[in-house]
1. If I go through the stretch 300-334 residue by residue, how many of them are of a type in the set (A, V, I, L, M) and modelled with pLDDT of 95 or more?
2. Please determine whether any residue of the stretch 259-270 is surrounded by fewer than 18 Cβ atoms within 10 Å (Cβ to Cβ), within 14 Å of the chain's Cα centre (by Cα) and in a helix (DSSP H, G or I).
3. Out of all the residues in the stretch 48-58, is one or more part of a helix (DSSP H, G or I), under 29 Å from Thr84 (Cα atoms) and either more than 22 Å from the chain's Cα centre (by Cα) or polar (S, T, N, Q) (or both)?
4. Just the residues that are over 24 Å from Asp248 (Cβ atoms) and part of a loop (DSSP other than H, G, I, E, B), please, taken from the stretch 59-92.
5. Give me the residue from the stretch 289-322 that is hydroxyl-bearing (Ser, Thr, Tyr) and in contact (Cβ under 8 Å) with a residue 40 or more places away in the chain and, out of that set, most open to solvent (accessible area, probe 1.4 Å).
6. Cβ contacts < 6 Å: first residue in contact (Cβ under 8 Å) with a residue 12 or more places away in the chain, restricted to the stretch 49-68; second residue assigned to a helix (DSSP H, G or I) and of a type in the set (D, E, K, R), any location; separation 6+ or different chain. Result?
7. Report yes if some residue within the stretch 186-195 is assigned to a strand (DSSP E or B), touching a Ser or Thr at 6+ places or on another chain (Cβ under 8 Å) and either closer than 19 Å to Ile298 by Cα or not aromatic (Phe, Trp, Tyr) (or both); otherwise report no.
8. Out of the residues in the stretch 209-241 meeting the condition of being modelled with pLDDT under 95, out of contact with any Leu (no Cβ under 7 Å at 6 or more places or on another chain) and farther than 21 Å from Ile276 by Cβ, tell me which one is least open to solvent (accessible area, probe 1.4 Å).
Amino acid sequence: MQSENNIKLTSAEISQLWSAYMNDSLSICVLTYFLEKAEDPEIRPVVEFALELAHAHVKKLILIFNREKFPIPYGFKEEDVDITAPRLFSDPYFLYYLQQWSSIGLEAYGISLSLATRSDVFQYFSECIDDSKNLLKKTGNVLLSKGLYIRAPYVTIPEKVDFIRKQSFLTGWFGERRSFTTLEITNLYANLQRNVLAMTTFTGFSQVAKSKEVGRFIARGKEIASKHIDIYSSVLNENDLPASVPWDIQVSNSTVSPFSDKLMMFHVNALAAGAIGYYGTSLSTSSRRDLSTNYLRILGEVLKYTEDAANIMIDYGWMEQPPKLVDHDKLANT
């Protein structure tokens, strides 16, 4: 029997632990600023709770890294945040941000847990799932109490079980189009909400970026998100479904950046990379051809955006390299 001390981390565990550290070190910077600016007595405690979780996660990760003599990622530090910068976003934005971030965390930690084999790594990600559940519940409760919660559209509950009998179920461009399935509605709604938050984030980041190149690039992301919002809204409205979006996640007129360009580029790239995963899921669960075509086109646009983001980060020396396989061919004395 091997003890816990001599069971090596797998490549899957290393990748998930490394990514978790990068994301939580970013969260500490972002949430520290949010907490400094939050004024609403109901929203501020939720931000504080989220910040405490991020600090706790990083401490546990450092313990695992130190036990393995694994170099602690550089990530993001105090140099990447300026809490004295003026307010950039409204308090409701902080709440919607945490709602989306805890939801994304739940999915990411679920994948990490499924890849964990060592008991300490399994325990860590299991605790992270519980933390994300608690944060999601807290944000949801406050959104509901303040009348800010955006619900998915309601549909009539079916009266009986039915089966698909005609290929017309797949049509979308020509002929009679069927109504959306609840899976398709769910994806349209969720993608709309995520793009609204992304557009707001990009709006704020683009006006405070120190580098003109970074500012222009983030503004391009804002335009992409805005276009996607229009697509999802029009599709929902055409089918008599409400395209409800948050109305009070405002951006101030400040041009003083609370975050480093490096942090904002990483954040923008992470949002875009997450969108690729969500669009892939949407594509796989959408049977109508018009929806599938839209998702394929949108996916290509976002893939190009993330590639351009990576190139900018590499040019500026901001992209931290993930752990990789040793190239033994290069080490060979030949």
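The values are calculated or read from the model by the stated rules, or taken from the named source; none is laboratory data. Everything quoted here is computed from the prediction, not taken from an experiment. Virtual Cβ from ideal backbone geometry, glycine too; neighbours counted across all protein chains shown. Calculation scope for accessible area: heavy atoms of the full protein, side chains included, ligands and nucleic acids excluded. Shrake-Rupley method; radii C 1.70, N 1.55, O 1.52, S 1.80 Å.
1. 8
2. Taking every residue of the stretch 259-270 in turn, at least one turns out to be surrounded by fewer than 18 Cβ atoms within 10 Å (Cβ to Cβ), within 14 Å of the chain's Cα centre (by Cα) and in a helix (DSSP H, G or I).
3. So far as the stretch 48-58 goes, no, none of its residues is part of a helix (DSSP H, G or I), under 29 Å from Thr84 (Cα atoms) and either more than 22 Å from the chain's Cα centre (by Cα) or polar (S, T, N, Q) (or both).
4. Glu68, Lys69, Phe70, Pro71, Ile72, Pro73, Tyr74, Gly75, Phe76, Lys77, Asp82, Thr84
5. That would be Tyr316.
6. Taking only residues 6 or more apart or on different chains, the pairs are Leu53/Asp131; Ala54/Asp24; His57/Asp24; Val58/Asp24.
7. No, there is no match, as no residue in the stretch 186-195 is assigned to a strand (DSSP E or B), touching a Ser or Thr at 6+ places or on another chain (Cβ under 8 Å) and either closer than 19 Å to Ile298 by Cα or not aromatic (Phe, Trp, Tyr) (or both).
8. Checking each candidate, the answer is Leu241.
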